[in-house]
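Right, one structure below, let's go through it.
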């Protein structure tokens, strides 16, 4: 595939992936015309921590989430959505256990009594 937007994420090193995340953060910060100082204050982190993140250095997951929230970029979290599926065998078993038809009621021939 020659499309430049197609990236083999699995073949990239952890360091390269961290740098890609840092570039993403920096791009969106610059696009919103914010300094590192401004963004760091809004996110409740130090400017040096934000600088580490933008360079692809080690930061906590909580720090990344705080920065993404301030940048209004939490939509990237949709990649982590878990869609649970049921196996065909389990589905067949569930369908087999369902009621297949309704039972008619038996007529009540008992007479009512006072007690």
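Below is a table of values for the structure above.
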quantity	calculated
Extension reserve of the residue 103-residue 57 stretch, reckoned as 0.36 nm per residue once the Cα distance is removed	9.8 nm
Cα shape, region 11-74, gyration tensor, a/c 1.5 rule	prolate
Peptides ranked, highest mean first, by Cβ atoms within 10 Å: ranges 9-16, 35-42	35-42, 9-16
Approximate spin-label separation residue 19-residue 74, in nm, with each point projected 7 Å along Cα-to-Cβ	3.1
Protection-proxy order for peptides 64-71, 20-27, each taking the mean of Cβ atoms within 10 Å per residue, highest first	64-71, 20-27
Packing-based ranking, highest mean first, of 55-63, 86-94 given that Cβ atoms within 10 Å are counted	55-63, 86-94
Förster radius 35 Å - calculated FRET efficiency between residue 86 and residue 8, Cβ distance, rounded to 0.05	0.65
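Rule-based calculations on the coordinates, nothing more; no lab input. Remember, it's a predicted structure, so these values are computed and weren't measured experimentally. Because the Cβ atoms are built from the backbone with ideal geometry, glycine has one as well, and the counts that use them run over all protein chains shown.
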